[in-house]
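Have a look at the structure below, then the notes.
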Amino acid sequence: MRPLARWLGIVGGVLVAVLVLAAGVVYARSERRLERVHAVTVALPRTIPRDSATVARGAHLATVATCRLCHGADLGGAIYSSSAMLGTIAGPNLTRGRGGIGPDHTTADWVRAIRHGVRRDGTSLVVMPSEVFVRLSEPDLAAIVAYLEQLRPVDRVVPRTGFGPLGRALLAAGKLNILVADKTPPLPLTAGVPPGPTPEYGRYLADVAGCHGCHGFGLSGGRVAGPSSFPPAANLTPAGDVSAWSEGDFVRALREGRRPDGSAIDEFMPWRAYGEMTDEELRALWRYLRGVPPKPFGHK
């Protein structure tokens with residue numbers, strides 16, 4: 001029995017050593033991705049108006065662009081998701097209160113995070129939808145910054161986003177596509193599209209509100225990046241789930257969270273935020289959706 005016990009002990013030791021080595025490799029690879037520094041050129045708005053109308057526009061955009069979904073209704077920070085194995089994803093406190101990042105952030109820091117998904121130290125933000133926010137017009141970007149700079153202080157310490165063993169393994173294997181800097185295109189800052197009930201303005205709203213982030217730039221839907229528990233995004237083209245809807249059905253869906261048949265829309269779809277759009281904005285968005293090419297579900 002002693003030789004067998006000795007052999008089993010050796011095998012067990014080897015297995016432990018292999019597991020420790022594998023864990024070290026996973027940690028190193030994931031850490032390398034998390035600590036990678038991204039060099040970006042930050043184009044600032046020429047002016048940041050701080051009048052009440054501009055700040056109000058920024059507050060409106062913070063709602064319809066779903067900033068409050070991750071950062072909390074008061075933008076004082078919130079935990080978006082938490083799992084011992086995957087890790088914790090939290091939207092930081094954006095205010096000047098205790099635990100907030102507001103006191104340290106310059107205009108350049110805000111713009112770098114919003115349009116490029118990059119922290120002031122050059123590392124990538126997590127989940128932050130900069131790949132759509134990079135399309136914000138210069139006036140709207142300025143309005144958001146003006147609003148953020150005057151937020152009411154909220155004292156709330158939110159845990160920093162971090163990853164558990166499964167989350168790090170997925171990061172190391174390139175299977176967790178939530179580091180946003182690499183997937184944010186370096187687009188120029190533009191004057192944007194004039195507001196109005198037009199398909200062109202509807203496309204702009206679909207860009208900056210994140211519709212394209214989940215439903216794809218072809219709006220045909222499909223699997224959403226993130227945990228497998230996330231429901232698939234619907235096909236919004238004329239060939240998809242809303243093909244028989246009227247404009248009234250569309251407006252009610254975003255204002256009340258109900259389909260025409262009365263069934264509830266999953267809360268993962270931020271219909272409450274989109275329901276805060278003005279009637280003109282919803283009309284523009286609907287007209288844009290009616291004009292996109294029909295595509296089968298999940299086809300780009």
Original post:
Which condition number does G240 fail, the rest of (1) at pLDDT 95 or above; (2) touching a Ser or Thr at 6+ places or on another chain (Cβ under 7 Å); (3) not β-branched (V, I, T) being met?
Top reply: (1)
Original post:
Just one of A233, A142 is buried (at least 19 other Cβ atoms within 10 Å of the Cβ), in contact with a Gly (Cβ under 9 Å, 6 or more places away or on another chain) and outside the structural domain of T106 (by TED's automatic domain parsing); which is it?
Top reply: A233
Original post:
Exactly one of (1) within 24 Å of R50 (Cβ to Cβ); (2) not aliphatic (A, V, I, L, M); (3) not in a loop (DSSP other than H, G, I, E, B) is unmet by E131. Its number?
Top reply: (1)
**OP:** Could you tell me whether V180 is at positive phi, among the aliphatic types (A, V, I, L, M) and modelled with pLDDT under 95?
**Re:** no
Original post:
Can you list the helices (runs of 4 or more DSSP H) found entirely within the range 144-222 that contain at least 1 residues being over 22 Å from G298 (Cα atoms) and among the hydroxyl-bearing types (S, T, Y)?
Top reply: 199-208
Original post:
Mind checking which residues of the range 279-296 are surrounded by fewer than 20 Cβ atoms within 10 Å (Cβ to Cβ) and under 22 Å from the mean Cα position of the chain (by Cα)?
Top reply: none
**OP:** May I ask you to say which residue of G221, G216 is in contact with a Pro (Cβ under 8 Å, 6 or more places away or on another chain), within 17 Å of V132 (Cβ to Cβ), surrounded by 13 or more Cβ atoms within 10 Å (Cβ to Cβ) and in contact (Cβ under 8 Å) with a residue 24 or more places away in the chain?
**Re:** G221
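The values are calculated or read from the model by the stated rules, or taken from the named source; none is laboratory data. The model shown is predicted, which means the values in this text are computed figures rather than measured ones. Neighbour counts are summed over all protein chains in view; Cβ atoms, including those assigned to glycine, are modelled from backbone coordinates with ideal geometry.
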